[in-house]
Structure formats: C-alpha cells, structure tokens
Amino acid sequence: MKKSIIFLVAILLCGMAHGQVSRQEIHDNILRSGCNYYAYPGPKQQNLTNAPEGYQPFYISHYGRHGSRYLINDSDYDKAFKVLSRADSLGKLTSFGKDVLRRVILIRDEASNRHGELTLRGAEQHQGIGRRMYERFPEVFEGKTHVDAKSTVVIRCILSMENALHSLLRENADLEISHDASEHDMWYMNFSDKELNKRKMPEDVEKVYDTFCKRHQHNDRLMSQLFNSEKYWKNEVNAQDLSYHLFKLASNLQSTELRHELTLYDLFTEDELYDHYLQTNAWWYINYGPCPLNGGIAPYSQRNLLKVMIEEADSCIQLAHPGATLRYGHEVCVMPLACLLELNDFGKPIADLEQLDDEGWNCYDIFPMGCNIQIIFYRPLAGEKDILIKVLLNENEARLPLQAVEGPYYKWQDFRTYFTRKLDAYPF
C-alpha cells in the first residue's frame, strides 16, 4: 500500500513538473512572459548537426518576422496614461501609483511618433541573424551568388530586411542582391484571409476563451497598489483593461533602449505575470494555431506562402548556385507557418486551453520578435542522390512530421509531397 501511494505521488509530481514548463521558464527569465513581445534571444543551439557525409548546403529559403518594435497603436500607450492621469488629477493615486504614472509617461514619450517602428534592438537582431546565416552556411553565399529578398510594405519589415542584407554584404561584398517591398507580393507575404478569419473565434469559442481568461484574471492587489480608494477603482476603472495595458507596456519595454533605465515588472507578482501570459498564449493559439475548437484551420492562413516557398525552391534547386530567398514579414505569418509545417509538434491539436503549457505550446518558443524559419537545402557533392533539407525555427534545428534520413535531415521530395497533399486537402 505504501509503495502504491509513493508511486502515485511520484506520478503526480512528475505531472505537476511537466505542467509548469512555462511557469518555470518565466521564473528563470521574466522577459518570456511577454509572449510575442519577447525580444529575440538568439539561437539556443550553438552547434548544428553536421550534414550527412557527402552533402553540402547550397540554398536557403527563409521567412522571418521583423525585429523588436515599438507598440503599434496610440491606445497601447494612451490607455494606461489616461486612466492614471485622471486618477492623479483627482488625488486617487498612491505614491506607488504616481511613480508608475511617471514611468508610463517616459515610455509614452520615447515612443511618440514611432508607433510600430523598428527599434535599435530590432535592427541589431536582424544584423545578428544575417551574420549567423552566413557563418553557418558559407557555401550558400560564396562568390557572386544571388540573394533575392522581399519584404512586406511595412517599414519595420523593410528595415529588418535591410539590416540583414547589410550584414550579409559585410561578410561578402560580391553578393548580388535584389530587394523589394511591394503590394504585388502581399497575397502571400502577408495574406489576410477574410473568410478564414471569420471562423477563428465564433461565439462558442469566444465563450470558452472568456471563461478561461476569467479564471486567470486577478487584479485586486495591483489596483490597491495603484489607487488609494477602493471605491474609486471599482467604480471608475476597468481593472482588467488597465492591468493588461500595463502588462503590455512592461512586456515591450525589453525591445527599447529604455530597458536599461526602468521596468514595469515590479507592478506584478510572478503569478500575475503568468496569468497574463496564459491568456495571451491561449489567444494566439486559438487565432493562429491548430486549435481544434475552431477546426484547427488557422495555420492554413499561410497556405499561399508555403505554396510559393515550395514552387520557388523547385525552381531554385535547378540552378548550379541559387543562393538564398529571404522574406521579411510578421508574426501572424511565422507562427501559423510553423504550425502548418508541424514543426516540433506545434501543429498538435489541444482542445483544453489549460493544457497548452503541459503540451509545450508556448508562444515565446515560436514567435518572439525577430522569429524566423529557415529551410536549408543540401545537395550531394557527387552522384545522383536525393536533395536533403533541414528546417531551423529561430535558428534551432526543428523536427518535421516526416521520416528523417539522419538526425534533423529530411528528403526534399518527402517534404514536397507531404505538404502539397496537405495544402490540396484544405477544405475551404
């Protein structure tokens, strides 16, 4: 009996440990709580697996998100500022609340007329990604090879592209680079599928999400820290909305140079940060991930992008020295593309939103600022052999839902066949 109890306790402890992955990782690095605002950390994997004997990289197909940026809308900065300013004018802020208002003003002023723009840190991220791409796969970029780069028409994406290209040129000034940003390519570079979007959050799914969020909303402590009148904040303040916008400011601060001078993370306990993270993570899973609550269709928003990547690769691998095709866009493309490709099981359907953490679906692993997917193509140096690929997610080797040839290496033909069939089966 005692052995049985010990065994059951051990199982429960293992389950609890597995179910606290993101909580522990956020404890280890509080910046991860920012979810999609997590500033690109660089690759975890410093040494990549050697290619199978007799193979050499010769082509790269890439899609990446812009680097770190300022928040996009006026309201992202104004909402917390206006609520706190009004309370201050009425004498309703605590001394701590007054200091939070001071910090919010500094953040708001720094971002003035820069909403959505690339920050210095964002530029540095893409310089690093470009440099490492060259260092890891020099064969792809040797000589007067061609690099074809495209960006969406958004300035932060264009500047991300330019920073990466300048980094490549510093390594090889002979590169022949073409770069463009045009509405002509937006049908796949940043496709907005209106019909699919209507199916993402129908009323029944929204109810499930709202119920989930309410279980993870605990704002009373923070409100009592900010305001000196409980009656005031309960009657005059939308506590959840204010808490969310302060959390958003706290999360994005890591992308700006003000991160060296101040923080807003002291507003929240670890539990509160974790709760905010869980709500954001679940929202992204429903709207852009393989959530079965809405039929798991959201990743197909990137079907045009994947088709183009396959078609362009088929064309480029016919060339003796094709170089690289680089594309710069947004997280709303990278994240669903990673799910569509089923990288690292991120295409797995998870019906219970409370189980996302347990199943390892954590957005900071998929689409931080500067996130990227690179497909590296390998050609045999001699003989008639299959072309191989490996996929990097955020510069780390990723698993595909295919039979590997060796380690993280797969046959291009297997990839092409599997995903062409998957795209052809899309029902809408």
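The values are calculated or read from the model by the stated rules, or taken from the named source; none is laboratory data. Because the structure is predicted, anything quoted here is derived from the model rather than measured. Cβ: placed from backbone, ideal geometry, glycine included. Neighbour counts: every protein chain shown. Surface accessibility is based on the protein's heavy atoms, side chains included, excluding ligands, DNA and RNA. Shrake-Rupley method; radii C 1.70, N 1.55, O 1.52, S 1.80 Å.
Key figures
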quantity: Pairs, first within 15 Å of Pro43 (Cα to Cα) and touching a residue at least 40 places away in the same chain (Cβ under 8 Å) in the stretch 115-127, second among the charged types (D, E, K, R) and surrounded by fewer than 16 Cβ atoms within 10 Å (Cβ to Cβ), C-beta under 9 Å, six or more apart; calculated: Gln127/Arg170
quantity: Candidate set from the stretch 133-170 (those that are open to solvent by less than 10 Å² (accessible area, probe 1.4 Å) and of a type outside the set (A, V, I, L, M)); member that is farthest from Asn372 (Cα to Cα); calculated: Thr145
quantity: Those residues of the stretch 108-117 which are under 28 Å from Thr152 (Cβ atoms) and open to solvent by 80 Å² or more (accessible area, probe 1.4 Å), in sequence order; calculated: Asn113, Arg114
quantity: Top-ranked residue of the stretch 385-400 - restricted to ones that are within 23 Å of Ile366 (Cα to Cα) and more than 18 Å from the chain's Cα centre (by Cα), ranked as surrounded by the fewest Cβ atoms within 10 Å (Cβ to Cβ); calculated: Leu400
quantity: Condition broken by Leu273, with the remaining ones in (1) in contact with a Lys or Arg (Cβ under 9 Å, 6 or more places away or on another chain); (2) open to solvent by less than 50 Å² (accessible area, probe 1.4 Å); (3) in a helix (DSSP H, G or I) satisfied; calculated: (1)
quantity: Residue within the stretch 21-31 that is more than 24 Å from Asp76 (Cβ to Cβ), at pLDDT below 55 and surrounded by 10 or more Cβ atoms within 10 Å (Cβ to Cβ) present; calculated: no
quantity: Residue in the stretch 324-345 that is open to solvent by 30 Å² or more (accessible area, probe 1.4 Å) and over 24 Å from Arg65 (Cα atoms) present; calculated: no
quantity: Verdict on Leu222 being under 30 Å from Asp266 (Cα atoms) and either open to solvent by less than 20 Å² (accessible area, probe 1.4 Å) or in contact with a Phe, Trp or Tyr (Cβ under 6 Å, 6 or more places away or on another chain) (or both); calculated: yes
quantity: Filtered residues of the stretch 177-202 (kept if more than 21 Å from the chain's Cα centre (by Cα) and open to solvent by less than 80 Å² (accessible area, probe 1.4 Å)); calculated: Ile177, Ser178, Asp180, Ala181, Ser182, Asp185, Pro202
quantity: Qualifying residues in the stretch 225-248 (those that are open to solvent by less than 10 Å² (accessible area, probe 1.4 Å) and closer than 15 Å to Arg86 by Cα) - the one farthest from the chain's Cα centre (by Cα); calculated: Phe227
quantity: Gly130 being open to solvent by less than 40 Å² (accessible area, probe 1.4 Å), within 12 Å of Ala324 (Cβ to Cβ) and in a helix (DSSP H, G or I); calculated: yes
quantity: Every residue from the stretch 149-163 that is of a type in the set (Val, Ile, Thr) and either in a helix (DSSP H, G or I) or touching a residue at least 60 places away in the same chain (Cβ under 8 Å) (or both); calculated: Thr152, Val154, Ile155, Ile158
quantity: Leading residue by the ranking (farthest from Leu393 (Cα to Cα)) among those in the stretch 108-126 that are touching a Lys or Arg at 6+ places or on another chain (Cβ under 9 Å) and in a helix (DSSP H, G or I); calculated: Arg121
quantity: The one condition in (1) of a type in the set (Lys, Arg); (2) touching a residue at least 24 places away in the same chain (Cβ under 8 Å); (3) open to solvent by 40 Å² or more (accessible area, probe 1.4 Å); (4) over 30 Å from Leu101 (Cα atoms) that Lys207 fails to fulfil; calculated: (2)
quantity: Tyr300 vs. criteria in a helix (DSSP H, G or I), under 30 Å from Thr211 (Cβ atoms), out of contact with any helix residue (DSSP H, G or I) (no Cβ under 6 Å at 6 or more places or on another chain) and open to solvent by less than 10 Å² (accessible area, probe 1.4 Å); calculated: no
quantity: Filtered residue count, the stretch 164-202, keeping only those that are in a helix (DSSP H, G or I) and of a type in the set (Ser, Thr, Tyr); calculated: 2
quantity: Test: residue in the stretch 401-417 that is within 21 Å of the chain's Cα centre (by Cα) and either surrounded by fewer than 21 Cβ atoms within 10 Å (Cβ to Cβ) or closer than 19 Å to Ser315 by Cβ (or both); calculated: yes
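One line per residue, one yes/no per condition, for (1) open to solvent by 80 Å² or more (accessible area, probe 1.4 Å); (2) assigned to a loop (DSSP other than H, G, I, E, B); (3) touching a Leu at 6+ places or on another chain (Cβ under 7 Å):
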{"residue": "Gly67", "(1), (2), (3)": "no, yes, yes"}
{"residue": "Ser75", "(1), (2), (3)": "no, no, no"}
{"residue": "Asp78", "(1), (2), (3)": "no, no, no"}
{"residue": "Asp88", "(1), (2), (3)": "no, no, yes"}
{"residue": "Gly97", "(1), (2), (3)": "no, no, yes"}
{"residue": "Arg102", "(1), (2), (3)": "yes, no, no"}
{"residue": "Leu106", "(1), (2), (3)": "no, no, yes"}
